[in-house]
Amino acid sequence: MEILKTYKLYIGGQFPRTESGRSYLVSSLAGEPLANACLASRKDIRNAVQVARKAHGAWAAKTAFNRSQIIYRIAEMLEARKGQFIDELSEAGFGMEEANAEILSCIDRCVYYAGWADKFQALISSVNPVASSHFNFSTPEPMGVVGVLACQNTPLIGFISQILPIIIGGNTVVVLANSKMPLSAISFCEVLATSDVPGGVVNVLTGSIDELLPTLASHMDVNALSLATVSNMPKVFEAQELAIENLKRTQLLVHDFKNQDAQGMEFITDFQEIKTTWHPIEQIAGGAGAY
Amino acid sequence: MSTANWDLDPSMESTAIVQLQPKYDLFIGGCWQKPKSGKYFATYNPADESVLSEIAYGNQDDVNLAVEAARKAYNEVWSKMSGAERGKYLFRIARIMQEKSRELAVLETLDGGKPIRESRDIDIPLACNHFFYYAGWADKLAEAFPGQKPTALGVAGQITPWNFPLLMLAWKIAPALACGNTVVLKPAETTSLTALKFAEICEQAQLPAGVVNIVTGHGDTGAALVANQDLDKIAFTGSTAVGKLIHKACIGTSKKLTLELGGKSANIILEDAPIDQAVEGIINAIFFNQGHVCCAGSRLFVQESIASKVIEKLKFRLQSIYVGNPLDKNTDIGAVNSKKQLETIEKYIALGLEEGAEIFQPTCNLPSKGYYCKPTLFTDVAQSARIAQEEIFGPVLTIQTFRTLEEVVQKANNSPYGLAAGVWTVNGARIFGLSQQLKAGVVWANTYNKFDPTSPFGGYKESGFGREGGRHGLSAYLQFKN
């Protein structure tokens, strides 16, 4: 007899069940029952935000080089287990070719963002030639904890395309997975858990967007939101409005994540703040040109 | 502590250079148009409460006409012009502003109450330089964003505050025009005169009609601008509360938004700081422009071991601060911008006393007419006190102490705001360490309240989003196709 997999949440590097004890049935595109997923609660969101905040400091303090290595490690782990993901997608009703293409683009996207980790800073930083005797420079810094409403049209490529540019820059995320097709995202968390991504950097919840999104969008310890467009746009507008209370930076994504234009440095810099630092320069008499 | 006698002979700036009309209409489509509202309101000199002029009170119809004029200018002229030609107009505007700098400085002081030394040496030169700086970007946008194909957004609605009227106008209009947008600007109701002078400068520069439109009025005029559906961009500098309302009004629209809002910035003095320089830095951080500065260093954190010494020096220094007529070149602190703002500041001072903090104000005479406030220090301030949490926007400093760096980072970041911070220490490694930990868009190390067109400015958290100044400031007025 086949052993069926239990899909749970991913919070703080662990796979807990929802504290609410609820679940919902996930079906294939053809309507065949596939598995039960956790119907996460608002309490799960609050727990995940707390964990993500705690993980943020150490993750942001890692060297960019180290974050690059870790994201590349995700690509290696995904490559090694791509068969599993393709099978999972085909069981969910995707054609083999489509499933294969989706997983290959996921791997490519990991490699792409791994390479960005220690480069975007050089392209968006500046030394500013102020008209006074000061050394003045502007550099990017991660925003902190980012809430993500994952793409609801794709099982994995949207999810990966959204979270990688956010975490590569030192942020941590709390993600609401694709509600109808959450299984690949949870399986992907098994890859994260074995790729040296510290627990708490990526936290993933499954369940009802209508129920969970307002809690995530209004949470006062979330700094920014990445919202993929969904069929229920008033829900997204409601989230944007809730986000105003603490002025979360909000990114609205309308991309088809399978396309090449769904990657780029701007996806990273959308979740970076620019900090400008000033310091006086002492003018040394007779120093100019004296060599 | 001795109380020095600092009575100085007045050294008054003449106002003869300022030519004001008794009444100003709206500047729309390159002409001066009477407001559809039919209404005008008086603008006052806060230093003596005299009326300076009458200003048109624009309503929704006026705003809509201005946006139509800006759209027409965008479609027919400005979007078709090369970047190099746009740049020439901006250079020309910068030069005329420089030529009129004395008149602009005196007018800024008359209308806003800031010391003439500040408008002459800081506001007006920085405003001119901002146009000069962005003029040069107009034909180099592709180089600024390689491979991203930057293009203009279209028509921008811009709302500016009363604390740095012409400088904030420059921060808004110069990058917008350089990037190829046309604008409708609504200046603050208490300080519209330099914006109207700027409209005259645009006329003199023969800027094509409708590229810059100035619609004066109160908050409802600004709300009407935000509500207009033919705008591609809203840029706002002002209070966090109003910023949030504007943000809400933009949801579900295609308007790009940047907000530069309030602050409650921490100024941190470590025990190894050069103390006399730090004391001057503290004074400049909080009393510059009567404390009407969004990034004012309004929360002072002094390391415990030097706290009594620093506070003693601060109190002594306060005795020599000259509060008085803003046109007097001796004046350090001029007039509070409006009666309303003076009432707000006084409300907070009363609140500080209620909250149990200890107050210190120097003994000095304030002019009998006009809106003035003594420089004020509060010690024994709790972290949770409202005077330590809320933006006062006046010459009021709260002083707290700390023992460890970890403690001061926590206290400094314990604010919904994140605009700026100051750090005073001779230890270089510590400057970088603290600067990285402080959640603020600008960190001044061993200096404070420095501004430059090349230097990006803007906040974290509830201090808003987007940057003004520098290459980063261009992004606010561009869209990218890649």
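Going by a ≥ b ≥ c, the root eigenvalues of the Cα gyration tensor, does segment A:175-216 fall in the rounded group (a/c under 1.5), the prolate group (a/b larger than b/c) or the oblate group?
On the way: a/c = 4.96, a/b = 1.67, b/c = 2.96.
Note, shape of segment A:175-216 comes out oblate.
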Give the cross-link partners of A:Lys275 among the aspartates and glutamates, using a straight C-alpha distance below 18 Å as the criterion and excluding same-chain residues fewer than 8 apart. A:Asp118, A:Glu141, A:Glu266, B:Glu260, B:Asp452, B:Glu462, B:Glu468
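Beyond 20 Å, how much of the Cα-Cα pair distribution for segment B:293-362 remains, as a whole percent?
Details: 1142 of 2415 pairs.
Beyond 20 Å sits 47 percent of the P(r) for segment B:293-362.
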Would you kindly compute the Cα radius of gyration of segment B:97-162 and its largest Cα-Cα separation (Dmax), both in Å? 16.1, 47
In bins 5 Å wide, starting from 0, what share of all Cα pairs of segment B:423-476 does each bin hold, as a percent? 5, 19, 22, 24, 19, 10, 2, 0
Bin by bin, in steps of 5 Å, what percent of the Cα pairs in segment A:91-249 do you find, going until the bin that has the longest distance? 2, 8, 16, 19, 18, 14, 11, 6, 3, 2, 1, 0, 0, 0
Solvent-free Debye scattering, log10 I(q)/I(0), computed from the Cα coordinates of segment A:24-179 at q = 0.12, 0.17, 0.19, 0.20 Å⁻¹: -0.65, -1.11, -1.26, -1.32
In segment B:302-459, what % of DSSP beta bridges are antiparallel (nearest 5)? 25 percent
Dipole magnitude of segment B:266-452 about its Cα centre, charges +1 at Lys/Arg Cβ and -1 at Asp/Glu Cβ only, in debye to the nearest 20? 360 debye
Taking the Cβ of B:Gly356 as the center, what net charge do the other residues with Cβ under 12 Å away carry, scoring Lys and Arg +1 and Asp and Glu -1? -3
For segment A:192-285, what size does the Cα cloud have along each of its three principal axes, sorted from largest down, in whole Å? 68, 36, 30
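So what is the orientation-averaged projected area of segment B:266-452, using the convex hull of its C-alpha atoms, in nm²? Numbers along the way, then the final one.
Details: hull surface 41.4 nm².
Mean shadow area of the hull around the Cα atoms is 10.3 nm².
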Estimated dipole of segment B:151-244 in Debye, rounded to 20 [Cβ of Lys and Arg +1, of Asp and Glu -1, Cα centre]: 220 debye
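State which entries of A:Lys180/A:Lys258; B:Lys114/B:Lys309; B:Lys255/B:Lys340; B:Lys34/B:Lys339 exceed 24 angstrom in Cα-Cα distance in the structure shown.
On the way: A:Lys180/A:Lys258 18 Å; B:Lys114/B:Lys309 31 Å; B:Lys255/B:Lys340 32 Å; B:Lys34/B:Lys339 28 Å.
Pairs exceeding the cut-off: B:Lys114/B:Lys309; B:Lys255/B:Lys340; B:Lys34/B:Lys339.
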If you average 1/r over every pair of different alpha-carbon atoms in segment A:78-169 and take one over that average, what Kirkwood value in Å do you get? 15.9 Å
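So if I place +1 on the C-beta of Lys and Arg and -1 on the C-beta of Asp and Glu, and nothing else carries charge, what would the dipole magnitude of the protein assembly as shown be about its Cα centre? I want it in debye, nearest 20. Walk me through the numbers on the way to the answer.
Working: 70 positive and 78 negative charges, 59 e Å.
Here the protein assembly as shown has a charge dipole of around 280 debye.
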Which FRET efficiency, nearest 0.05, do B:Ser305 and A:Thr63 yield, Cβ-Cβ r, R0 25 Å? 0.15
Set the Förster radius R0 to 35 Å, insert the Cβ-Cβ distance between A:Arg17 and A:Val254 as r into 1/(1 + (r/R0)^6), and round the FRET efficiency to 0.05. 0.55
Separation between Cα centres of segment B:72-87 and segment B:91-124, rounded to whole Å: 28 Å
Could you tell me which of B:Gly422, B:Leu351, B:Ala296 has its Cα farthest along the dipole of segment B:266-452 towards the positive end, charges placed at Cβ (Lys, Arg +1; Asp, Glu -1), taken about the Cα centre? B:Ala296
Taking placed amide H atoms and a strict 5 Å upper bound, the residues 5 or more places from A:Val175 or on another chain that come that close are A:Val148, A:Asn203, A:Val204, A:Leu205
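What Kirkwood hydrodynamic radius, in Å, does chain B give when the mean of 1/r is taken over all pairs of distinct Cα atoms and then inverted? Before the final figure, lay out the partial values.
Values: mean 1/r = 0.0437 Å⁻¹.
Result for chain B, one decimal place: 22.9 Å.
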Using R₀ = 60 Å, calculate the FRET efficiency as 1/(1 + (r/R₀)^6) where r is the Cβ-Cβ separation of B:Gln206 and A:Glu2; round to 0.05. 0.15
Relative to the compact globular guide of 2.2 N^0.38 Å, what is the alpha carbon radius of gyration of the protein assembly as shown, as a ratio? 1.01
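For segment A:1-108, what does the equivalent ellipsoid look like in terms of its semi-axes, each the square root of 5 times an eigenvalue of the Cα gyration tensor, given largest first in whole Å?
Numbers: eigenvalues 156, 114, 22 Å².
Working through the eigenvalues yields semi-axes of 28, 24, 11 Å.
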By how many degrees, between 0 and 90 and to the nearest 10, does the Cα long axis of helix B:240-250 differ from the longest principal axis of chain B? 30 degrees
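Once every DSSP H run of n ≥ 4 in chain B is given -39500 (n - 2.57) and the sum is divided by its residues, what mean residue ellipticity at 222 nm do you get, rounded to the nearest 500 deg cm²/dmol?
Working: 15 runs with 174 residues, N = 482.
After summing the helix terms and dividing by the residues of chain B, the value is -11000 deg cm²/dmol.
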Which of the aspartates and glutamates could a cross-linker span from B:Lys36 if the Cα-Cα distance has to be under 15 Å and same-chain partners fewer than 8 positions apart are dropped? B:Asp25, B:Asp61, B:Asp62, B:Glu68, B:Asp220
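Starting from the Cα gyration tensor of segment B:1-134, take the square roots of the eigenvalues, sort them a ≥ b ≥ c, and report rounded, prolate or oblate (rounded when a/c is under 1.5, otherwise prolate if a/b is larger than b/c, else oblate). Walk me through the numbers on the way to the answer.
Values: a/c = 2.98, a/b = 1.51, b/c = 1.98.
Taking the square roots of the gyration eigenvalues as a ≥ b ≥ c, segment B:1-134 is oblate.
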Could you state the per residue volume, in Å³, of the convex hull enclosing the Cα atoms of chain A? 153 Å³
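Report the semi-axes of the equivalent ellipsoid for segment B:78-203 in whole Å, largest first, where each axis is √(5λ) for an eigenvalue λ of the Cα gyration tensor.
Details: eigenvalues 145, 42, 29 Å².
Result for segment B:78-203: semi-axes of 27, 15, 12 Å.
Just so you know, all these numbers are worked out from the coordinates, no wet-lab data involved. Quick caveat: nothing in here was measured; it's all calculated off a predicted structure. Neighbour counts run over all protein chains shown; Cβ positions are idealised from the backbone, glycine included.
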